[in-house]
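The values are calculated or read from the model by the stated rules, or taken from the named source; none is laboratory data. Since the structure is predicted, the reported quantities are computational estimates derived from the model, not experimental observations. Ideal geometry is used to build each Cβ from the backbone, glycine not excepted, and the neighbour counts take in all protein chains shown. When the accessible area is computed, the model is the full protein with side chains, heavy atoms only, and any ligands, DNA or RNA have been set aside. Shrake-Rupley method; radii C 1.70, N 1.55, O 1.52, S 1.80 Å.
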Amino acid sequence: MALCGIGWCPSWEGVEVPILSSNSSTRLIRPNSFPLVGECDSSRRKLCSRIRCSLSIKNATSLGSGEVADDTTSASLEEELGHVIKFKMSDFKICDRVSIGLSGRTDEIVFEALVKDVHSPLHNSRVVLRQLSSAQAQRRGKRAIEVLKKLARRRLMYHSYSMQVHGYVDPSTSGDYGSFTLVHGYHGSFSLRHWLQQSDWLPTLEATLALDEESVRRVGDDTVGGSAVSRQLRLIRILMRDLLIGVNYLHSHGLAHTELRLENVHVSPVDRHIKVGILGNAADFYDNNPNTSTTDGSMDRRQMMIAFDMRCVGFMMAKMVLQELMEPLIFTKFKSFLTKGNDPSCLREFLLQTLRRNSSSGNAGLQILNRNWGAGWNLLSLLLAAKPSERISCLDALRHPFLCGPRWRVDPSMDIIRWGLGSTAVRITEEYIYGHQQRSRLAHFIELMEMLNPHSKPKNWLALLPGKWRLLYSTGRHIGLTLRQPPARVLIGDVHLTMSRTPKSNTTLSFTSDISFTVLMGQDWPHDKAGVVGKLGIDSSFRLTAGKRLYLKEGKDTTFLPSTSNTEDSIIKKLSGKRWRKALPFKEFPSSLPVAKLISSEVEVTMSLNDPLGKNVDAAKNAVHEVRTQVPPEMFDLSKLVCGTYVDARLLVLRGVSGSALLFTRSCANGSCR
């Protein structure tokens, strides 16, 4: 009997493009089951035969050489695949429907069947028959059976986290020697991608996994239900932990999956586990050839393969959390951002611009990543790190705070503490409510970041400073628009500080401050804020050297502001407690900390103002005066910047001569953070 099915061809972006085989003439438009015709007419039987004969000339010649060649092929196949069940085509009752979640490639024909052989241990079980026509597809199928040998020692783990491969169909019973039919388990109608594409995916997937108090305890949680954000976070923890356990199971057996995608992952409603595919493309860490394998080469190969799998897990996590990434165009931008070599720690800044949001409010995915001091962004950046050596392993990811519920006490590393402090400070600045409480908290977090600065040497600063930084907050004075009547109605846009290395000196940096603003015409504030656009630019060069920041314990009449001195006293008191004692890299509070000292040269100021104010000198003066009133003085007069106290890939803190701190985040304009 000629068997036909439905094939799928995923593109490089992970976008599924439906391609129908010979028995179907309609386009696949709904995620449900579709009729499957068991017999083809004469015209279609010719097309089926052409699909099966898409092997190379060499293989076609060997397969068509007569009965002797057929017997030899069958014998070698039985010897190679002797550890699995060899089925006959008569053992199955072919179903007339195929599930959309069992998608394959153009060289695969997929259909479902029931085992009707009463002597088979799989009697009355639903299985999937995957007919592989090309030589490459057949290699994948035989590789899936070969991998089963290596994983047989821990068969329970194999059944829990991998799609079970039962065996293959004897070619002599189907009369088709040009293809190889793999028999594997059926684990539901949908892949994980199709689950997430449903409009009601959250309650449906919760019902499929039958979440109860016992199941949520597996991720350190103690409740069920709650808000949609809490429910989605709990479900993502369950799926991610299951996925990481399955991938770690492969890595511990010397195998890399190499094909981790949402399309290849299934959720079994029977045992409620993630199935990581049929492992047809699983690769060995170590080359068994003694002539080519070396210890260093094998370790490099192992590290690269693990890093590749972890990057794929990162893409899957991003799509699970942020539903917008399921759209091909947005995911292409997301992937292009990482391909350009940008640091994944800047993903939040990039995605806020890509999704056209000023903050994370109103978006469930962004709120999930922001929880627990931005732990989700930290895990995502570690999974998608540009350097393979910097990507997190499965075991370390399972211990990450983002995947551990509130019942599990996790001792965060110093990097996660720094990340949490910076993320919390950024979120407070996005609220734009600068009352006394918010300002005190921000000053507190900035002081803590400076205490835990990971880069104290000037060479580290010279490597991290170049780029474009966006001003978030200043601990100096704040003058609100509603507290006074300004001479000119000016709205401040983005304030950027661009730094670049100069070719003449290795320790000299060029600083450029760009202040964009809008001048509104008239004495009142109009509803339409589209006024005259202006831009203020300040250029200067700085020489960077090593320096120290002194913490004076006596004498209040210093160059620092009284509020800054009081903040430092409170910081010293809090850091002396038990809560922060383990986190600090020093036992006693130091009298000074290393900083990057900035020595400035001449400052050059330029301004551009569009018509009609461009020709009005008085209006330009009023606009500049108002800009200088609202913008921190250090951004207008760069010579007032005296030192840098904190820097990493995404955040920067500079101190002015008055003692005020300026908090910056790396800008990701036009898809680039450089």
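Residues in the range 107-117 that are among the aliphatic types (A, V, I, L, M) and either at pLDDT below 90 or not assigned by the TED database to the domain that holds F92 (or both): I109, V110.
Within the range 301-339, track down each residue that is outside any helix (DSSP H, G or I) and open to solvent by less than 40 Å² (accessible area, probe 1.4 Å). Within the range 301-339, just L322 meets the criteria. If you go through the range 183-211 and keep only what is β-branched (V, I, T) and in contact with a Lys or Arg (Cβ under 9 Å, 6 or more places away or on another chain), you end up with V183, T208. Considering the range 235-259, the residues that are in contact with a Gly (Cβ under 9 Å, 6 or more places away or on another chain) and under 11 Å from A282 (Cβ atoms) include one that is most open to solvent (accessible area, probe 1.4 Å), namely E259. Answer with yes or no whether D170 is buried (at least 22 other Cβ atoms within 10 Å of the Cβ) and among the charged types (D, E, K, R). When the stated conditions are applied, D170 does not pass them. Has the range 422-436 got any residue that is within 22 Å of L598 (Cβ to Cβ) and crowded, with 20+ Cβ neighbours inside 10 Å? There is at least one residue in the range 422-436 that is within 22 Å of L598 (Cβ to Cβ) and crowded, with 20+ Cβ neighbours inside 10 Å.
Figure legend. Inter-residue proximity from the range 517-540: first residues assigned by the TED database to the domain that holds L641 and open to solvent by 50 Å² or more (accessible area, probe 1.4 Å), second residues at pLDDT below 90 and part of a loop (DSSP other than H, G, I, E, B), beta-carbon distance below 7 Å, spacing 6+ or different chains. Indicated pairs: M521/G531; V533/N610. The condition of being more than 25 Å from N248 (Cα to Cα), touching a helix residue (DSSP H, G or I) at 6+ places or on another chain (Cβ under 6 Å) and charged (D, E, K, R) does not hold for E349.
Would you be able to say whether some residue in the range 394-412 is in contact with a helix residue (DSSP H, G or I) (Cβ under 6 Å, 6 or more places away or on another chain), closer than 22 Å to L452 by Cα and in a helix (DSSP H, G or I)? Yes: one or more hits. Applying the criterion of being open to solvent by 50 Å² or more (accessible area, probe 1.4 Å) and either under 27 Å from D411 (Cβ atoms) or part of a helix (DSSP H, G or I) (or both) to the residues of the range 340-382, the residue that is modelled with the highest pLDDT is L382.
Whether a residue is in the same structural domain as V267 (by the TED database) and open to solvent by 10 Å² or more (accessible area, probe 1.4 Å) was assessed, and Q136 does not pass this test.
Scanning the range 178-209 for residues that are among the hydroxyl-bearing types (S, T, Y) and surrounded by fewer than 17 Cβ atoms within 10 Å (Cβ to Cβ), we see that the one that is farthest from V270 (Cα to Cα) is S199.
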